[in-house]
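Input: a single structure, listed below in C-alpha cells.
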Amino acid sequence: MTTIHNLGFPRIGARRELKFALESYWKGESSRDDLNALGTALRQRHWADQTGIDLVPVGDFSFYDQILDMSFTLGNLPDRVLSFQGDVLDNYFRVARGRSAPGTDDQARCCSGVAAGEMTKWFDTNYHYIVPEFTAETRFRLDASRLLEQLAEARARGVNAKPVIIGPVTYLAIGKAKDDSDKLALLPRLLPVYAQLLDSLAEQGVEWVQIDEPLLVTELDADWRHAFNAAYHELKSGRIKLLLATYFGQLLENQYLAANLPVAGLHIDAINGREDVGPILNLLPSSKVLSLGVINGRNIWKTDLTAVLDWLEPIAQRLGERLWIAPSCSLLHVPVDLGSEERLDAEVKSWLAFALQKLDELKVLGTALRDGREAVREALTSNQAALLARRSSPRVTNPAVQAAVARIDAHMGMRESRYTNRAPKQAEWLKLPAFPTTTIGSFPQTAEIRQARSDFKAGRLDLAGYKAAMRSEIARSVREQEALGLDVLVHGEAERNDMVEYFGEQLDGYVFSQFGWVQSYGSRCVKPPILFGDISRPRPMTVDWITYAQSLTRKPMKGMLTGPVTILNWSFVRDDQLRSASCRQLALAIRQEVLDLERAGIRVIQIDEAALREGLPLRKSRWQDYLDWTVESFRITANGVRDETQIHTHMCYSEFNDIITAIADMDADVITIETSRSDMELLDAFDDFKYPNEIGPGVYDIHSPNIPTQEDIVGLMKKAIERIPAERLWVNPDCGLKTRQWAEVTPALTNMVAAAKCLRASRC
C-alpha cells in the first residue's frame, strides 16, 4: 500500500488569522494567551484539513519562522537577548523583529528594542527566514517543549503525526558565523542535541520524523559532503525512523550520497528533480522508503494526474509499500483553499489547485495506486477536461505580444551613453547635495487608505471619491517629505495594494485571487497574481499618480515601478512556457511605462528588482543563463530613456555579493540595497569589486519597529565610505515603509536626514 503524506501546511490561516493575531499582540491589543489560543485553533483546523492523509506533519506551525523555531529548539539564541527574563515567546519575537509586545520587560529596560536577527530568502523562494547566528563559542542546549506540546495536541486530536525538523547540516549551512570561525566546526557540538531531540520524540512513541535537508540539492564541496555522512552516521543509532527530505531542485551528483545515508527513507522533489527518480531507484537500498514529491508545492496549476500515474504506477509495482507520495515540498508556498474564491475568473479558476486541492489530488493518486484507476475515474476525467480547456483557451496566447518579443534586439537594452557621461547631465538637472536622501517608494498604508480601498472595492465609494482620497494621501506624503527635508521625493504609493499585484491588475495576461495569500515572513503576507497568458499593457499604470505628486513640489519626484524580474518571481507563473519568455513580455510592458513617465516630465525613475537573486538557480553552474535573461530584461525595461533621466533600482534581503558583476551589468544609475540588518556586511563585495555607479546602502531596518538613531546611521554610512567613494553614496532606508506607522517613520527619517547633513558638514 502506497503511503501518502504531507511535508508541511500553510500556517497563516485561510483568512490570514495568524497575521492579525500577531499584529494585535505586538500592538498590545491582545494577550499572550489570546495568541497561543489562536495558534492552537489554527493547528487543529489544519490537521482536520489534512484528514485522509496517512502521515500528517507536526511542528510545521510557527508563530514567525520555522528556522527561528529550530534555533530556539537547539538553544541557539543571540547573546543580546539572553539577559531577558519572562516568557520565551517574547524573546522569540525580539530575535525576529527587535522587540515583542508593549508592556513586556524589554520595553521597560530597552525602549528602542534590540537588534533583530538578519533575514534572508529560504533557498530560491519568496519566504524569508531569520538567519541562525554562530560564533566559535556557540553552545547548543535542547528545548523540545514547543515540538512536544504540538505533538501532544495532535495526538489528542487523533492525528497520525510525523514531526518535522530542519536537519543539522542545512541548519549550519544557512546560518552565519558572526566571527571568523568555521561553521562546520560546530557540528560535533550540535549533533548530540539532535540525538537528544530524536530520543525525546521516540519516548513519546513517534515512529517517523521528517528531517529536512534541502542543502542536498545544491553543489557541495568535500567538507559538506563529509558533514552529511558524519551527521547521519552519528544519528543512526536512534530509536526513530528518519525520512530525510530534499526539495526545490535536483540531487544530480549528490544522488549516491543521499541514497546511501543511514536513514529509513528519502524524499525527493519529483517536480524539479524528475531526472533523479530513475537513478535513485537503482541506488536506494532495498530496505529504504522512497518518497516522491509528485504534486507541485510551489505553484497553483492543477496536476496532470493521468500523466503522473503513467510514470508512477510502474514504480509502485516495483516498490510496493516502500513507495510514499507527497507534494514536492511544504505547501507553505501556496494559498490555503481555492474553494474560498468566489470572484476569481471562473475559467482560470478551473485550472488551479491551492493547498487543500493539492491534497485532494494526492488522495486521488493514492487511491489510484492502491485500488486502480477505475476507482477514481470521475476525478481523472474531470482533471483531463480542465487541462485540455486550458491548453485550448484562446486567452492564453496573444500573437501581437509574441511578435513584439520576436522583435527585441540588443539596441533596446543600451543607454545612449555610458554612466560616466550620463552622471554629469543628471547632476546638472537634479542639483542634489552630497549624500542625497530619498526613500524606497512606499509610505505607511494608513487606516484611511485601507478604508478607502475597501469602500471602493465594495462599491461604497465611487471612482472619483477613491481618486480624491488617494490624492489626499499622496499630498500628505509629499508634505511630510518636504518637512523632513528629503532630497528626492516619492509619491508614497497610497493607491497600491502590493508592489506586484498592483501592476498585475493592470496588465493583460493576469488574474487575481481574493484570498490567495502566502506568507513572506512573520505577519507579512502577499497575494501573488496569477500569470496565465501572454502579457501586455493596455494603458499607463502610474503616470497620473506620479505626475500629480510632482505638481505638488519643486523637488524631483521619483517614479516608482516594479521590474519585470520581480513581477515574474513574485507571481504564480505559467508552467507552459519558459520563465525567460514571460520575463521578456513583462520587460516590454514596463518599458512602455518608463517611457511614458519620462515623456510626462519625470526624470528620476526607480525600477525595483527586489527579487532578482531570488530566482537564481540553486546550482552555480546554472547561474549564468538566468543572469543573462534577467539582466537583459531589466535593461530592456530601463534603457530606452535619455541620458538626463536617472534610473534607480532596488534590491532587498538577498545575499548578492557573488552576483555583483551581473548587478553592475544592469547599468542602473543608482542602486539601493539592504545593509542595515547585516551591519553593512553586504558591502564586502565592494572591497574587491569597484562598483561603477551610485549606491544607497539601506541604513534603516524597516522590518523592525526599532527607530535608528542619528549615530547608528552615521556609523553605517562611515562603513560604506570605507568601500565606496562618498560622492557616489546615497542615504535611504533599506526597503519601502508601507508596513510601518507614521509615528515610527517620522522620527526615523528625521534621524536619517540629520545624519546626512552631519556627513555633508564633516561634523561626524
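Numerical summary
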| quantity | calculated |
| --- | --- |
| Length-normalised contact order for the chain - Cα pairs under 8 Å, 6+ apart - percent | 13 percent |
| Accessible area in square angstrom per residue, the range 134-274, 1.4 angstrom probe | 39 Å² |
| Relative contact order of the range 37-102, defined on C-alpha pairs under 8 angstrom at six or more residues apart (%) | 20 percent |
| Rounded to the nearest 10 Å², the accessible area of LEU142 at probe 1.4 Å | 50 Å² |
| Candidate residues ASP90, ASP124: accessible-area rank, largest first, probe 1.4 Å | ASP124, ASP90 |
| Heavy atoms of HIS233: accessible area, 1.4 Å probe, square angstrom to 10 | 90 Å² |
| Span from the the range 608-627 Cα centroid across to the the range 158-237 one, whole angstrom | 27 Å |
| The range 55-206 - Debye-derived log10 I(q)/I(0), Cα point model, q = 0.11, 0.19 Å⁻¹ | -0.46, -1.25 |
| Amide H contacts under 5 Å for ASP534, placed H, 5+ residues apart | THR397, ASN398 |
| Karplus-derived HN-Hα couplings along the range 631-646 (A = 6.51, B = -1.76, C = 1.60, θ = phi - 60°), whole Hz, x at Gly and Pro | 5, 4, 5, 4, 5, 4, 5, 8, 9, x, 8, 6, 4, 5, 7, 8 |
| Rounded to 5, percent antiparallel among DSSP beta bridges of the range 503-650 | 40 percent |
| The chain - percent of accessible surface contributed by carbon and sulfur, probe 1.4 Å | 49 percent |
| Convex hull (Cα only) mean projected area of the chain, reported in nm² to one decimal | 31.3 nm² |
| Amide H contacts of ALA177 (H built 1.01 Å from N, under 5 Å, at least 5 apart or other chain) | PHE134 |
| DSSP bridge pairs, the chain: antiparallel proportion in percent, nearest 5 | 15 percent |
| FRET efficiency, GLN577 to CYS764 (Cβ-Cβ, R0 60 Å, nearest 0.05) | 0.65 |
| For the chain, calculated [θ]222 nm from helices alone, where every DSSP H run of n ≥ 4 adds -39500 (n - 2.57) | -12500 deg cm²/dmol |
| Rounded to whole Hz, the Karplus (6.51, -1.76, 1.60) HN-Hα couplings of the range 552-569, x for glycine and proline | 8, 8, 8, 6, x, 9, 8, x, 10, 10, 9, x, x, 5, 5, 4, 5, 6 |
| Sequence of PHE572, PHE456 from largest to smallest accessible area, 1.4 Å probe | PHE456, PHE572 |
| ³J(HN,Hα) computed for each position of the range 693-708 - Karplus, 6.51 cos²θ - 1.76 cosθ + 1.60, integer Hz, glycine/proline x | 10, 8, 8, x, x, x, 10, 10, 6, 7, 8, 10, x, 5, 9, x |
| Relative contact order %, the range 112-258, counting alpha carbon pairs below 8 Å whose residues are six or more apart | 25 percent |
| Value of Rg/Rh across the range 500-574 [Cα atoms, Kirkwood radius] | 1.05 |
| Order of exposure, largest accessible area first, which applies to MET414, MET717 with probe 1.4 Å | MET414, MET717 |
| Accessible area in square angstrom per residue, the range 606-764, 1.4 angstrom probe | 32 Å² |
| Amide H partners (placed H, <5 Å) of GLY297, local residues excluded | SER328, CYS329 |
| Shape of the range 649-764, Cα gyration tensor, a/c cut at 1.5 | oblate |
| Accessible surface of ASP409 - all protein chains present, 1.4 Å probe, nearest 10 Å² | 80 Å² |
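The values are calculated or read from the model by the stated rules, or taken from the named source; none is laboratory data. Predicted model, so just to flag it, every value in this text is computed and none were measured. Here Cβ is always computed from backbone atoms with ideal geometry, including for glycine, and neighbour counts include all displayed protein chains. The area values use the complete protein model at the heavy-atom level, side chains included, leaving out ligands, DNA and RNA. Shrake-Rupley method; radii C 1.70, N 1.55, O 1.52, S 1.80 Å.
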